[in-house]
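Single-structure report; data block below.
The values are calculated or read from the model by the stated rules, or taken from the named source; none is laboratory data. From a predicted model like this one, the values you see are computed outputs, not experimental measurements. Positions of Cβ are backbone-derived with ideal geometry, glycine not excepted, and every protein chain shown enters the neighbour counts. Calculation scope for accessible area: heavy atoms of the full protein, side chains included, ligands and nucleic acids excluded. Shrake-Rupley method; radii C 1.70, N 1.55, O 1.52, S 1.80 Å.
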Amino acid sequence: MCATVSSTKSIIIGTAGHIDHGKSSLVEALTGTHPDRLEEEKRRGITIDLGFAFLQEAGVRFGFVDVPGHERFVGNMLAGAAGIDVVLLVISADESVKPQTREHFDICRLLGIQHGIVALTKSDLVDRETLDLVRLELEDFLRNSFLQGAPIVPVSAKTGAGLVELKQALVEQARQVTGKDSSRAFRLPIDRAFAVKGVGSVVTGTLMSGQVAPEDEVQLFPSGAKLRVRGVQSGGKNVDRAEAGQRTAVNLAGIDHQDLQRGMTLAAANRFRATRRIDVKLRLLPGVRKLKNRAQVHFHAGSFECMAEVALIKNALIENAELSPGDECFAQLRLKQSVLVLPGDRFIIRQSSPLVTIGGGMVLDPLPRRLRTREASRREFHQAVERGDQPEILSQLVARSLFGLSLSEIPARTGWTDAEIQQTTQILANAKRVRIVAAEPPLLFAATAFEALLKKLAERVERFHKENPLQPGIPREELRTTLARRLRPEIFRAALEELSSQKRIELQGELVKRAGSQISLLPEEAKAKDQIEAAFAAAGLAVPSVKEVLAKLTVEPRRSEKLLQILLRDKALHRVTPELIFHRDALAELRAKLSSYKKAKGERISVPIFKDLTGITRKYAIPLLEYLDRERVTRRLGDERVIL
Ligand SMILES: Nc1nc2c(ncn2[C@@H]2O[C@H](COP(=O)(O)OP(=O)(O)OP(=O)(O)O)[C@@H](O)[C@H]2O)c(=O)[nH]1
Ligand SMILES: [Mg+2]
């Protein structure tokens, strides 16, 4: 991934940790904004839903996502956790590690979060010895995780102790974070939707990739509705453009806020597709119950949540499989509702009773085929996605698209940029693994499948000629319907053109025929053809020039030239020199004359006698004799010929 295009880095910090450990208080102490915004939150003194705050520090724009610690609101926590770059794991010094500390931490690991800081909050409530003890406990807790060796900063929201150190640690982490990629297609999972008086419908979310600006056309998923962006805010201010890694609010035209909700996604228009079936790599947390095939789970991805059925794919077999705690395997998830996800997206699964996080993983294929019992190719595809092997991924996508893969279908299946698609397509085309069939948009066809199609087509044409000897050729449409009905017309056309350029078939108007089979002529063409033949037949050996003969015809030169070619190909006429053409009968008669001459006068014949015998001038005699030599009717011997 490349870095964001802006000079200022935008980083999302997400809190995590057990209820009442001081997450919201810490966000307020750092940013000056208390993230709890609901009336109920203020009344109960707990966080229920996501809260947001901003901080600009040392050239970094920090967007804070504050999550609830209460076990009943882990669903809300997940909606916020999906977009974070750096986790701020909040652990109260007087309570240390508690159940939701563990669960939130597990979730961060399953989401593949790479960076984080531990804040030991409420440091004002404990003495130094307790602090040191908790720190030791934490080092143990974090061992062998992405937070091993991460800064553990004691802080107090009450006294302000440690805040300076914590900010420094945040800036330091921000330097190490790669950040989200602004150069990829725009994607914003919606975590809030509401109406603002005088402004209209607004959605907010963490900008996962790409950019968004006023007047952009965007697409809402899963509905697919196309909408216009009226305005964009980031960090509470109107901006010309928001970029990946920023908390972003988008004001949308043409939709009621009632039709927008958390879990939907706003994305670049005309690239993606929502799905209800996804292939994934699934990992089960240690210490949970084993997962049975066809288990029902809660599925969370981005801000989306729904019920899903898990089909385990083990050793290419799906029957009777189960997944043990701590293990991982490929699986297909069947979702109760549609969602927009792309390869590489992380997800979490939770079980129903008790409602706890049990695992998660990565989306490998957002638009897979249905599962069949044994499928080696699916596993190969999954492995290619895991490796990020783009040529192999595309090659397999093309191979499984029996009727061609349109370039326009690739983004929804891969999430790739247009440049990546172009480049990968070229690699495969150069290696002759795919054919690019000219169409708008271009279609990719597996080279082997295309060869098979050519073979099948040629066989069909051949069979038609055998079964219909009097018909000049098979009509295109008839030929097409004898093949797979779902074959795209442009592929059919490309295959015909390829066969024709290989001179295996001929295309004549609507007819397809075997190369070299008799061409059917229009009446006027048939007449002209007869006229040409008659002219040469009548001339005997004193033939007229080709030009003279063709000039007398009613059809235009291009067609008459073709008719001449047909006569030559059918051997009614013979070309003796580039200028001289003779009728087959005249040449046969000549051979007969020579053979009776040989019988009567012997095998030798001179040029003058040949002229007398045939009644032709030298102009015809010499080329004809040379032709006869070539045909091994005569052989030159000094000035004479030997008749063979
Ligand atoms: N003494 C002391 N109290 C604190 C500190 N930080 C938070 N508190 C208190 O701890 C209680 C919980 O703080 P919150 O910030 O709401 O905790 P939280 O982690 O956001 O809680 P949930 O969002 O509900 O999970 C409040 O009464 C705070 O005043 C601190 O550093 N020192
Ligand atoms: Mg809170």
ask   = Does P608 satisfy the condition of being surrounded by fewer than 13 Cβ atoms within 10 Å (Cβ to Cβ), under 60 Å from the mean Cα position of the chain (by Cα) and not acidic (D, E)?
value = no
query = With respect to A528, is the statement that it is surrounded by 16 or more Cβ atoms within 10 Å (Cβ to Cβ) and either among the β-branched types (V, I, T) or under 19 Å from E451 (Cβ atoms) (or both) true?
reply = no
key: Answer from A449, A438 - the residue that is more than 15 Å from L511 (Cα to Cα) and modelled with pLDDT of 85 or more   = A449
message = Could you tell me how many of the residues in region 596-616 are under 22 Å from H583 (Cα atoms) and touching a residue at least 40 places away in the same chain (Cβ under 8 Å)?
response = 4
query = Can you name the number of the only condition in (1) away from ligand 2 (no atom under 13 Å from the Cβ); (2) more than 25 Å from V97 (Cα to Cα) that A82 fails?
reply = (2)
When residues of region 17-48 are limited to those that are touching a residue at least 60 places away in the same chain (Cβ under 8 Å) and more than 11 Å from ligand 2 (Cβ to nearest atom), the one farthest from the chain's Cα centre (by Cα) = A29
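Could you list, in sequence order, all residues of region 49-81 that are of a type in the set (A, V, I, L, M) and in a helix (DSSP H, G or I)?
Once the filter is applied, which keeps residues that are of a type in the set (A, V, I, L, M) and in a helix (DSSP H, G or I), region 49-81 yields V74, M77, L78, A79, A81.
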task = Could you pull out every one of the strands (runs of 3 or more DSSP E) wholly within region 169-253 that has 3 or more residues that are open to solvent by 20 Å² or more (accessible area, probe 1.4 Å)?
result = 192-196, 226-234
ask   = In region 493-511, what residues are out of contact with any Leu (no Cβ under 7 Å at 6 or more places or on another chain) and surrounded by 11 or more Cβ atoms within 10 Å (Cβ to Cβ)?
value = R493, A494, E497, Q502, R504, E506, Q508, E510, L511
ask   = How about region 13-40: which of its residues are open to solvent by 40 Å² or more (accessible area, probe 1.4 Å) and near ligand 1 (Cβ under 7 Å from one of its atoms)?
value = I19, D20, S25
inquiry  = For region 54-110, which positions are within 12 Å of ligand 1 (Cβ to nearest atom) and of a type in the set (K, R)?
reply    = R72, K98
Residue check, I113 among the aliphatic types (A, V, I, L, M), away from ligand 2 (no atom under 14 Å from the Cβ), surrounded by 24 or more Cβ atoms within 10 Å (Cβ to Cβ) and closer than 28 Å to L284 by Cα = no
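Would you confirm whether or not region 102-110 contains a residue that is touching a residue at least 24 places away in the same chain (Cβ under 8 Å), under 25 Å from F299 (Cα atoms) and within 16 Å of ligand 2 (Cβ to nearest atom)?
yes
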